[in-house]
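For reference, the structure discussed in these notes is given below.
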Amino acid sequence: MNPYELRKDFPILNDETLCYLDTAASSLKPRQVIERLDEYYEKYGVNVHRGVYNLSYVATEMYEEARRKVSDFIHAKFDEIIFTRGASSALNLVASSYGLNHLTSEDEIIVSELEHHSQVLPWQNVSHITKAKLVYIPLDSEGRITVENVKKVLSNKTKVVAINYISNVMGYITPIKEIISLAHEVGAVVVIDAAQAAPHKTIDVVDLDCDFLAFSGHKMCGPTGIGVLFGKKKLLDNMPPIEFGGDMNDNVNLYDASWKDVPYKFETGTPPISEAIGLGAAIDYLLSIGLDEIGKHEFKLKEYTVKKLKEIEDIIIYNESAETGIISFNIEGVHPHDAVSYFDGDNICMRAGHHCAQLIIKWLNVVATLRVSFYLYNTIEDCDRFIESVRNARDFFKSVGF
Ligand code: C6P
């Protein structure tokens, strides 16, 4: 994998002064994806599943071809892939459809403090409505979800385990395969938030045996406005739609209606057509490089950067042992938003705040963190520029008495 060659695929990186370290929020987009979007709009940009004319057939074929690419990408079946607006809507769909219709006050839902809000808040809502109890996995001393700690909270009451594959704040890889197997022993279904995993790591839903898995297109070189929910067919078949309208229905009568089969009963209205096609292009692009190669590259950059950061005074790193390309840290005594504005002055883009995961920020007992997240287009030179900027920021803020 040659990041210097790959950078040429990203028009935004024509600005050589740009140092983009915020892929966990959204990745940059390569020309190959942008061109596939242009092609849709320029050559066959019409609706799908509706028109009885050639252009609409072409659009439908391309849209469904994208579903095929996504299903192959995670080793699912074609009709187990539902297109959504993003990981958040995919996770909400599971909670609203499966959760609200299968859980009662006798049941328990297991989550963790390491979750993004889009995995924890939908289940809080299910808990409020159904009175099912929300149970938190105790995190270990580093803030990880461990198999041992999951065992402590799993019981015959557990009906849902909703956890992340990779944390967007700590970058830890959760041992989901073992957890899924344990959850199945007590009859629970497992919902995996793979928003930070799908862009960086091969996912095989058959091997994992997960029941539901969600991710977003825009974090993996694809367009915004498109996400994926994978669900096992037998579960999806028994879940009601949560949105009603055009194209999801079969027969409509005055007082009732019937629904199409999955996945279509969950895809109401005109779907995100160009976005799905663009996601297909993103998958082609990532597979042509190799996901595991990408993951290894990011990890190397993270290891290099952590080593250098540790040489700077007043730097606190919260996730030194992460197996991925995410670093969460602070400069002692400096508010992360002040620091990130300083970095912006050097044209370095990164995120500061609670990263839509307030529970882990509270667990860390800080107000916010700075976060660096690497991807296939980042280089050692990016790391060096960033480290230099951190050193200067630290010296500047100390000199003005922070
Ligand atoms: N995290 C971040 O900066 P959406 O916004 O629907 O595409 O993805 C939501 C989501 C779900 N789970 C995890 C683990 C995530 O990291 C995210 C998005 C971004 O960390 C934006 S808050």
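The values are calculated or read from the model by the stated rules, or taken from the named source; none is laboratory data. Predicted, not measured: the structure shown is a model, and the values here were computed from it. Positions of Cβ are backbone-derived with ideal geometry, glycine not excepted, and every protein chain shown enters the neighbour counts. Ligands, DNA and RNA are stripped out before the accessible areas are found, and what is left, the full protein with its side chains, is counted by its heavy atoms. Shrake-Rupley method; radii C 1.70, N 1.55, O 1.52, S 1.80 Å.
Numbers below:
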quantity	calculated
Shape of the range 204-270, Cα gyration tensor, a/c cut at 1.5	oblate
Positive-end extreme of charge dipole, the chain - chosen from Tyr255, Thr146, Phe78 (charges on Cβ)	Tyr255
Nearest 10 degrees, 0 to 90: helix 291-309 Cα axis against the chain principal axis	30
Solvent-accessible area per residue, Å², over the range 45-287 with all protein chains present [probe radius 1.4 Å]	38
Sequence of Leu254, Leu236 from largest to smallest accessible area, 1.4 Å probe	Leu254, Leu236
Extension gain from Asp261 to Lys234, taking 0.36 nm per residue of separation minus the Cα-Cα distance	8.6 nm
Accessible-area value, Trp259, 1.4 Å probe, nucleic acids and ligands omitted, Å²	90
Calculated FRET efficiency for the pair Arg68/Glu106, C-beta based, R₀ 41 Å, to 0.05	0.50
Label-point separation, Cys356 to Arg391 (7 Å along Cα→Cβ), nm	3.6
Full-extension gain in nm, Glu293 to Asp314, via 0.36 nm per residue minus C-alpha separation	4.2 nm
Partners for Lys310 among lysines (Cα-Cα distance below 23 Å; same-chain residues under 8 apart left out)	Lys296, Lys300, Lys302, Lys398
Normalised alpha carbon radius of gyration of the range 47-165 [divisor 2.2 N^0.38 Å]	1.37
Histogram of C-alpha separations across the chain, 20 Å bin width, %	27, 54, 18, 1
Per-pair calculated FRET efficiency, R0 = 30 Å: Val46 and Cys349 via Cβ, rounded to 0.05	0.25
Inter-site label distance for Thr202 and Val186 at 7 Å from Cα along Cβ, in nm	3.2
Solvent-accessible surface ranking, highest first, for Arg351, Arg394, Arg31 at 1.4 angstrom	Arg31, Arg351, Arg394
Rounded tilt (10° steps) of 380-399 against the dominant C-alpha axis of the chain	60
Length gained when the stretch His75-Lys300 is fully extended (0.36 nm per residue, less Cα-Cα span)	78.2 nm
Efficiency of FRET between Glu16 and Val400 - r from beta-carbon atoms, R0 30 angstrom, step 0.05	0.50
The chain: angle of helix 31-43 to the longest principal axis, Cα-based, in degrees nearest 10	40
Distance between modelled label sites at Lys8 and Asp209, nm, 7 Å Cα→Cβ extension	4.7
Surface share of carbon and sulfur [accessible, 1.4 angstrom probe, percent] for the range 45-287	51
MRE, 222 nm, helices only [DSSP H, n ≥ 4, -39500 (n - 2.57), over the chain, to nearest 500]	-12000 deg cm²/dmol
Charged-residue dipole, Cβ positions (Lys, Arg, Asp, Glu), the chain about Cα centre, Debye nearest 20	560
